[in-house]
Each structure stands twice: as structure tokens, then as C-alpha cells.
Amino acid sequence: MPGAGKSTIADGLKLKGYDNVNMGNAVREEAKKRNLEPSRSNLGKLMLELREKNGPGAVAELIKPQIESSTSDVILIDGVRSNDEIEVLRKMGNVKLLAIHASTNTRFDFLQKRGRSDDPQTKEHFDERDNRELGVGISNSIALSDYAISNIGLTKDELIESAYQIIQSWV
């Protein structure tokens, strides 16, 4: 779910040599191409519109060029939201799914502090975003993950190291 620690892990693992592709950034880039302000509302609507027009795996389709141009053996995909996206990615290579869990309060606090243009600043906006994410199928992807980390009581370094150890065991 948004704010659980996915980007923290992905950013931390860049230092260990992994390529990182952020699916939310792909939507932000698409908004830029369309001259849309990257607001919470615009990005949420665009994400749904892309899926409606181009199918439920549409956002994964947007990141294909980044994956194809990577020279890394391991590419971290940050922000998978549905099993349809996972199927798009599986056509490109071996896929393992690592779910990151965090409490609602932890996620809300983190998102308020993170500072992205689309981060919710009210509980109402947070709940709205969670419901939108659940609506595109994120809970199914979480349920079917290959491994999960509970980001409760972990330091940033512990979270990153935990993910690193799991990914290394897959490699």
C-alpha cells in the first residue's frame, strides 16, 4: 500500500547496484506529457484512465522501455498495483513479488512527510487513495506475493537490509 516503504527499499538498494523502475513515476511522466499538473487528483484520475483505455496492465506497459534498456540482472519494480501488471512483467522475465506491510498510521505519517505532489495531506485524501489502490487490485498482489516484510518497528537500514537479504536469496 502507499507509504509502506517500497521506495525507501528501492532507493536504498540502488546503492547495492540494483536498477530501480518506479511505476508511479511512469504515471507522473505521462501526466507531464499531457501537460497535467501532478496533483493527487490528476494523477489518480490518470492512473484509472490509463487502465480503462489500455487495459489493467497499462502502467506496466509504460515501464517496458526502461526495463528493456537496463543492463542489470536484477531490476526492482517499485509500485506494482495489480496481478495484471505482474503478468505484463512476467512476459519480460522472471518476477518475484515482495510485499511490504505497514500500519495505516505509519503509512499516513510517512506520506504526509514524504513531499510528493500527490501525497495525501488529510486522512480523507489518504483513505481515498487507499480505496483507489484497492480498487485496481493491489490487495490481490499483496496476497499472492512471494514474500512479505512487516515494516513495523524497523529502522530504515533494517528495512533495506531485510529486503536485500530476501532478494539475494532469490538471485
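The table below lists the values:
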read-out: Total residues in segment 68-91, condition over 15 Å from the mean Cα position of the chain (by Cα) and part of a loop (DSSP other than H, G, I, E, B); value: 6
read-out: Test for Ala31: is it part of a helix (DSSP H, G or I), touching a Pro at 6+ places or on another chain (Cβ under 6 Å) and over 20 Å from Gly135 (Cα atoms); value: yes
read-out: Residues of segment 45-61 classified as in contact with a helix residue (DSSP H, G or I) (Cβ under 8 Å, 6 or more places away or on another chain) and either hydroxyl-bearing (Ser, Thr, Tyr) or in a helix (DSSP H, G or I) (or both), total; value: 10
read-out: Leu46 being surrounded by 13 or more Cβ atoms within 10 Å (Cβ to Cβ), free of Cβ contacts under 8 Å to residues at least 24 places away in the same chain and not β-branched (Val, Ile, Thr); value: yes
read-out: The lone exception for Pro65 - which of (1) outside any loop (DSSP other than H, G, I, E, B); (2) surrounded by 13 or more Cβ atoms within 10 Å (Cβ to Cβ) it fails; value: (2)
read-out: Condition check for Lys96: under 21 Å from Leu159 (Cβ atoms) and surrounded by fewer than 17 Cβ atoms within 10 Å (Cβ to Cβ); value: yes
read-out: In segment 68-89, the residues that are surrounded by fewer than 21 Cβ atoms within 10 Å (Cβ to Cβ), of a type in the set (D, E, K, R) and under 30 Å from Asn131 (Cβ atoms); value: Asp78, Asp84, Glu87
read-out: Flag for Glu133 being surrounded by 14 or more Cβ atoms within 10 Å (Cβ to Cβ), of a type outside the set (Val, Ile, Thr), without any contact (Cβ under 8 Å) to a residue 12 or more places away in the chain and closer than 29 Å to Val74 by Cα; value: no
read-out: Given (1) surrounded by 16 or more Cβ atoms within 10 Å (Cβ to Cβ); (2) within 15 Å of the chain's Cα centre (by Cα), number of the condition Pro120 does not satisfy; value: (2)
read-out: Lone qualifier among Asn94, Asn42 - being over 14 Å from the mean Cα position of the chain (by Cα) and assigned to a loop (DSSP other than H, G, I, E, B); value: Asn94
read-out: Residue match in segment 138-145 (condition: more than 15 Å from the chain's Cα centre (by Cα) and either surrounded by 14 or more Cβ atoms within 10 Å (Cβ to Cβ) or not hydrophobic (A, V, I, L, M, F, W, C) (or both)); value: no
read-out: Answer residue from segment 13-28, given it is free of Cβ contacts under 8 Å to residues at least 60 places away in the same chain and surrounded by fewer than 15 Cβ atoms within 10 Å (Cβ to Cβ) and is nearest to the chain's Cα centre (by Cα) among those; value: Lys14
read-out: Check on Asn25, farther than 22 Å from Glu161 by Cβ, modelled with pLDDT under 95 and polar (S, T, N, Q); value: yes
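The values are calculated or read from the model by the stated rules, or taken from the named source; none is laboratory data. If you're wondering where the values come from, they're calculated on a predicted model, not measured in any experiment. Every residue, glycine as well, gets a Cβ built from its backbone with ideal geometry; the counts of neighbours run over all protein chains shown.
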